[in-house]
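Here is the structure we will look at.
Just so it is clear, none of the values below were taken in a lab; they were calculated from the coordinates. Keep in mind the model is a prediction, meaning the values are calculated, not measured. All Cβ positions, even for glycine, are placed from backbone atoms using ideal geometry, and neighbour counts span all protein chains on display.
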Amino acid sequence: MRRELPAARRASFPGLRFYPHDPAHRLRGVPEPERSPVALTLAASDGTPRPARRVGSLRLRFPAGEGTLALYTLDDVADAHLFVPFRDAGAGRETYGAGRYVEATVLAGGVVELDFNRAYNPDCAYGIAASCPITPAENTLPFAVEAGEMMPREH
C-alpha cells in the first residue's frame, strides 16, 4: 500500500535526515528461536491491535554496547518477513520517540543481518495516517544507535 504525506505538508516538507553511514552498524548474529512462536498483539499508533508472533531474539554487539532485540512477524501483512521495531536512548531527542524499524535479512546458515544504517521511521512520524506498530518495551536499547534515519526536522 502506497502512503503519501498529507497534501498540506508536502510543500513545506524539509526532507529526511540520516546519520552518516557507518559499517560498524551492520550487524550479524544467529537468532535464538522461540520453541513455538508466541502469538501476541502489538499496539499501534491508531489504536488498532496488530496481530504478530515473537519468533526469536537476536543478541548483537553495537558500537555503543550489547543488546538483545526480539524478532517478530506480523500476521496481517502479505509478505512474511522478520519485523524488528526498536527504540534506543536517543529516542525523543535524535530519533523518533516511538522508535524505528530495521529490516532483517536472513543469510546462509540461519545468520540474520540487521543494517541499522537502513533503520527508518514509521509513516506515523510524518503525519501519514497508518497503523504503525509501536515498539514493544523489550526492544528498547539502553544506548543510542547513531545510524539510520533521524527524527524529522519539524519535531
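So the values come out like this:
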{"quantity": "Residues of the range 22-55 with amide N under 20 Å of the 7 Å Cα→Cβ point at Ala108", "calculated": "27-31"}
{"quantity": "Cα gyration tensor shape for the range 26-104, rounded if a/c is under 1.5, else prolate or oblate", "calculated": "oblate"}
{"quantity": "Read-out Rg/Rh (Cα atoms, Kirkwood Rh), derived from the coordinates shown; its label in [x] 1.03; [y] 0.98; [z] 0.96", "calculated": "[z]"}
{"quantity": "Of the trypsin sites (Lys or Arg not before Pro) in the range 77-127, those whose Cβ has at most 14 other Cβ within 10 Å and which sit in DSSP loop", "calculated": "Arg93"}
{"quantity": "MRE, 222 nm, helices only [DSSP H, n ≥ 4, -39500 (n - 2.57), over the chain, to nearest 500]", "calculated": "-500 deg cm²/dmol"}
